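Notes follow once the structure below has been shown.
Values in this text are rule-based calculations from the coordinates and carry no lab data. From a predicted model like this one, the values you see are computed outputs, not experimental measurements. Quick reminder, even Gly has a Cβ in these numbers, built from the backbone with ideal geometry, and neighbours come from all protein chains shown.
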Amino acid sequence: MKGFWLTEMSKFNFLRDNYNINPKLLEISEIAEKELYEQFVEIEKIAEYNQLKVLKAMQDNRLSDVHFAGSTGYGYNDLGRDTLEEIYASAFGAEAALCRPQIISGTHALSLALFGNLKHGDELLYITGTPYDTLKGVIGIRETRNSLMDNGIIYSEVSLLEDGSFDYENIKNAINGRTKVIGIQRSKGYSLRHSLTIDEISDIIKFVKNIDDKLCIMVDNCYGEFTDYLEPSELGADMTVGSLIKNPGGGLAPVGGYIVGTEECVENAAAKLSSPGIGKEAGPSLGITQSFTQGLFLAPNVTAASMKMALFTAVLFEKLGFSVTPKPCEKRGDIVQAILLKNAENIISFCKGVQMAAPVDSFVSPEPWDMPGYDCQVIMAAGAFIQGASIEFSADAPIREPFAVYLQGGLTYHHGKNGVLIAVQNMINDGLISI
Ligand SMILES: *Cc1c(COP(=O)(O)O)cnc(C)c1O
């Protein structure tokens, strides 16, 4: 009996008996995984390099047990907080970092970066087209209280070209005497363009700096961290910004955002986070430094698991007759996998299946709702240990054309892969796909 549980067959039986997975689906899944062997090896190489980068940053900054103590109140002289920020700066190859629990999300970090570095009359130029939904509110493209535009900041944007590449000519034409910050969004957000690769980001930074090296380049790095050998901050971006409940938190950070970049830009953002005259000096770490540092330590590996899950999903859904972006063969700039599910019914069934596969709240069923910050209904499946953490296996979709679902995360590849199978099985059970 014991030996039985040690065979590959036991996994199939387990999935069949407990999750009712169709044997034909399992067969397709095994074929999909075999096709990905070489790409998985490449992902592991990137993870290994990034693991070393993070390790060295911790050693160079002499991370120690005492740093995990935490502070309360003003948090003056919080050595753990300061060391964590030095580690972030080192790991991202930047001069300075702001990384703390007072930053509640990626949107908040981006908002601080922008408000801290733009004054009345300055212009923000986004060169990757209209940014991610919540940024529309920050900027004032969607009417909100106290947006950048409300505060006299000028906004303009240059779209990416049809093929998803930068529109060099129009970017050059758009830059003028008032232009202060150039915004680059690495990840696709809720769109179907490809996510920028680190090579594309490197080229555009050189191009912009060549026009005017005083321009401040901000990269929205959400979902992009550790997916490649280098980060935008190592390629000359003045600010690289992201969320700790995505890649760099490694699944352990319970909240947080980061900004890494030049001393000047980071200090400007810090003056907005706390207040002018206080900047980085105050802000209690509240005992969170251990999860932030340990999460960062695990982040390269967790990101690799997510990348593998995304690739597996891409191959599987192509075999099921859906189109996906990125395609399995494309170079990836983030952990997000979009699947064109064609209609709302498919999206809802898939998301319900993702939720069923979660370790937390697997018994609840997600529904589309009017989420703050978005201008249409959004469905989100995230049975996560950390509320809303999208480095954990999760799917979300705005209920609008072209009915694409965005799938990401997975603290382990094994969970992500089998989670996808459970979600596909739910669509089969709902009579939406047949195999
Ligand atoms: C997730 C994300 C953000 C920030 O979102 P939060 O939910 O506020 O953390 C910003 N830009 C992009 C491209 C994102 O994917």
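For this structure, a couple of remarks:
- Amide N of the range 95-134 lying under 17 Å from the label point, which is placed 7 angstrom from the Cα of residue 387 along Cα→Cβ: 101-108
- Amide H partners (placed H, <5 Å) of residue 373, local residues excluded: none
- Expected-Rg normalisation [2.2 N^0.38 Å, Cα atoms] applied to the range 1-89: 1.91
- Long-range tail of P(r) for the range 182-297 (Cα pairs > 16 Å, %): 64
- Whole-angstrom Cα spans of the chain along principal axes, big to small: 67, 51, 38
- Computed over the chain, relative contact order equals 18 percent, with contacts defined as Cα pairs under 8 Å that lie 6+ residues apart.
- Against the main long axis of the alpha-carbon atoms of the chain, helix 37-60 sits at an angle near 40°.
- Only lysine pairs 8 or more places apart or on separate chains count here, and in the range 169-319 those with Cα atoms under 22 Å apart total 16.
- Among 216, 222, sorting on how many other beta-carbon atoms sit within 10 Å of each Cβ, with the fewest leading, yields 216, 222.
- Relative to the longest principal axis of the Cα atoms of the chain, helix 106-117 runs at roughly 20 degrees.
- Dipole of the chain computed with +1 at Lys/Arg Cβ and -1 at Asp/Glu Cβ about the Cα centre; of 14, 309, 120, farthest Cα towards the positive end is 14.
- All Cα pairs of the range 184-247, percent lying beyond 20 Å: 23
- All distinct Cα pairs of the range 21-165 go into the 1/r average, and the inverse of that average, the Kirkwood radius, is 19.7 Å.
- Taking a Cβ cut-off of under 11 Å around residue 178, the surrounding Lys, Arg, Asp and Glu residues balance to a net charge of 0, with basic ones at +1 and acidic ones at -1.
- Positive minus negative residues near residue 206 (Lys, Arg vs Asp, Glu; Cβ under 12 Å): -3
- Taking other residues whose beta carbon is less than 15 angstrom from the beta carbon of residue 285, and scoring Lys, Arg as +1 and Asp, Glu as -1, yields -3.
- Pairwise centroid distance, computed over Cα atoms, of the range 408-435 with the range 31-58, Å: 23
- Short-range pairs are left out: with C-alpha atoms under 8 Å and at least six residues apart, the relative contact order of the range 186-298 is 19 percent.
- Under the combined filter of DSSP loop state and at most 11 neighbouring Cβ atoms within 10 Å, the range 3-89 retains these trypsin sites (Lys or Arg not before Pro): 62.
- Highest mean first, the peptides 247-254, 288-295 sorted by other C-beta atoms within 10 Å per residue fall in the order 247-254, 288-295.
- Rounded to the nearest 20 debye, the dipole size of the chain about its Cα centre is 620 debye, using +1 on the Cβ of Lys and Arg and -1 on the Cβ of Asp and Glu.
- Close amide-amide hydrogen proximity is noted between residue 192 and no other residue 5 or more places distant or on a separate chain, at a cut-off under 5 Å (H modeled in the peptide plane; Pro and chain starts excluded).
- Low-density loop positions, trypsin sites (Lys or Arg not before Pro), the range 165-194 - DSSP coil, at most 14 other Cβ in 10 Å: 178
- Helix 289-319 and the longest principal axis of the Cα set of the chain meet at an angle near 50°.
- Shape summary of the range 53-128, radius of gyration then Dmax from alpha carbon positions: 15.4, 47 Å.
- Positive-end residue, the chain charge dipole about Cα centroid, Cβ charges, pick of 171, 61, 71: 71
- Value of [θ]222 nm, deg cm²/dmol, for the chain, DSSP H segments ≥ 4, -39500 (n - 2.57) each, nearest 500: -13000 deg cm²/dmol
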